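Have a look at the structure below before the remarks.
Values quoted throughout were computed directly from the atomic coordinates according to the rules given, and no laboratory measurement underlies them. Source: prediction; values computed, not measured. Here the Cβ is made from the backbone with ideal geometry for all residues, glycine too, and neighbour counts use every protein chain on show.
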Amino acid sequence: MFLKEQKDLTNHPHERQQDWGFLGWHDAEFHHDTLPGDTLRAESTILDKRISKSRLNEGILTVSTSIFNQKNIRVISYVRNLLVYKKNAETPYTPAGY
């Protein structure tokens with residue numbers, strides 16, 4: 001369930017799934033229990049960015065995310081790595097109009 005929550009909370013309504021690839025997460029900490037009916041929100045901060053060594057039109061972001069409940073209590077925190085296209089990079093989706 002944690003991975004589903006992570007995916008659901010981090011997909012922005014204007015973000016397309018094909019724009020990034022999930023490379024993994026680490027340093028996960030479960031600070032507080034969540035209960036059915038809790039309202040959760042996420043805050044993410046980009047910690048680092050670098051160009052991919054094998055895919056020159058893509059980069060790797062390191063992102064720290066904390067998830068809070070309706071009482072503003074942090075319930076989960078983790079760091080994840082994402083593979084993303086560089087700004088204005090040619091992508092396989094451009095010709096299709098994505």
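Below is a table of values for the structure above.
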quantity: Cα centre as origin, Lys/Arg/Asp/Glu Cβ charges: segment 35-98 dipole, Debye; calculated: 160 debye
quantity: Label point 7 Å beyond Cα of E58 along Cβ direction - residues of segment 66-93 with amide nitrogen under 17 Å; calculated: 80-93
